[in-house]
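Notes follow once the structure below has been shown.
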Amino acid sequence: MSVEIVFVMVGTTHTGNLGAAARAMKTMGFTQMRLVDACSHLSAEALARSSGANDVLKEAQTFDSLQAAIADCRVVVGTSARARQLAVPLLSCREIAEELGAASKTNLSGQKVAIVFGQERSGLSNESLDLCTRLLRIPCNPDFSSLNLGSAVQVVSYELSQALVSVPQGAPVPQPGKWKGTDGGEDAAPISADPDDLPATSEGMEHFFEHLDRVMVTTGFLDPENPRLLRRRVRRYFESNRPSGSELAIFRGILSSVENPRKRK
Ligand code: SAH
């Protein structure tokens, strides 16, 4: 089994592009589309441009915010035509696909991964990029780097399909860090099924960041009137190597002990 890819379209303004995106996804075997603040995905133009991928459009889910759309995802990949300052690691489309292909052989198999696409004119806002664990850029002409939205979805789905189709169904392979795989040998440990060993969900991360913010404000470390880039830097640090659920519980425990110090004899 591979990771479960969810395509998230943020702020799309042209219904035809949603149809083209659905078509691009379906040709490569993907079906899950989520929409945030997007134009009508069931307009005549969207359905026509989908060329028969109507099912993807009809089953698309709509959300009030990007946070809500990715709440259950453990990896969140933002896509951008430009490199951004203060962002999580920037990788090419192929590198991300390879990373996800490798992750599919670990305990991340079967878990949800969001690929987030921005608005036609402006792309993804900094606030949206703050919610991502990776940034994906399709390498192209540096002087003309902005693809049409539907074309970007096509390139990304193609690369993902190639990397994920080649994931063997048999023994998993070793993986560094917290994406736990095994070498499938005799002494290999089974892949942990404990969800607390997986990278936290976006929902878990948001609760953590709220808690951290509260403590930083209470201790005076963060001036809410003048936060400058502190919040973004802290986010980037944790999102670049998202902690597991059990690691997050330790951090939350530390924060709680700052709020309510324990007396030890
Ligand atoms: N000026 C915007 C371009 C928006 S194009 C920007 O700099 O991001 C609309 C969307 O298509 C982008 O938000 C992104 O999701 C996708 N896209 C277009 N070109 C891309 C590229 N070269 N690499 C990755 N995504 C791209």
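For this structure, a couple of remarks:
- Filtered residue count, the range 124-169, keeping only those that are over 18 Å from the mean Cα position of the chain (by Cα), in a helix (DSSP H, G or I) and within 24 Å of Leu35 (Cα to Cα): 2
- Of all residues making up the range 229-246, the number that are in a helix (DSSP H, G or I), loosely packed, with under 13 Cβ neighbours inside 10 Å and of a type outside the set (D, E, K, R): 1
- Arg82 meets all of the listed conditions (1) open to solvent by 50 Å² or more (accessible area, probe 1.4 Å); (2) away from the ligand (no atom under 14 Å from the Cβ) but one, namely (2).
- Filtered residue count, the range 120-152, keeping only those that are among the polar types (S, T, N, Q) and either crowded, with 19+ Cβ neighbours inside 10 Å or away from the ligand (no atom under 12 Å from the Cβ) (or both): 2
- Scoring Ala71 on the criteria (1) under 13 Å from the mean Cα position of the chain (by Cα); (2) within 15 Å of the ligand (Cβ to nearest atom); (3) surrounded by fewer than 19 Cβ atoms within 10 Å (Cβ to Cβ) leaves a single failure, condition (2).
- Filtered residues of the range 15-40 (kept if small (Gly, Ala, Ser) and buried (at least 21 other Cβ atoms within 10 Å of the Cβ)): Gly19, Ala20, Ala21, Ala22, Ala24, Ala38
- Candidate set from the range 87-113 (those that are away from the ligand (no atom under 12 Å from the Cβ) and assigned to a strand (DSSP E or B)); member that is least open to solvent (accessible area, probe 1.4 Å): Val113
- Among the residues listed as Val116, Val155, the single one being over 28 Å from Glu203 (Cα atoms) and in contact (Cβ under 8 Å) with a residue 60 or more places away in the chain: Val155
The values are calculated or read from the model by the stated rules, or taken from the named source; none is laboratory data. Everything quoted here is computed from the prediction, not taken from an experiment. With ideal geometry, Cβ positions are generated from the backbone for all residues, glycine too; neighbour counts draw on all protein chains shown. Surface areas here come from the heavy atoms of the whole protein model, side chains and all, with no ligands, DNA or RNA. Shrake-Rupley method; radii C 1.70, N 1.55, O 1.52, S 1.80 Å.
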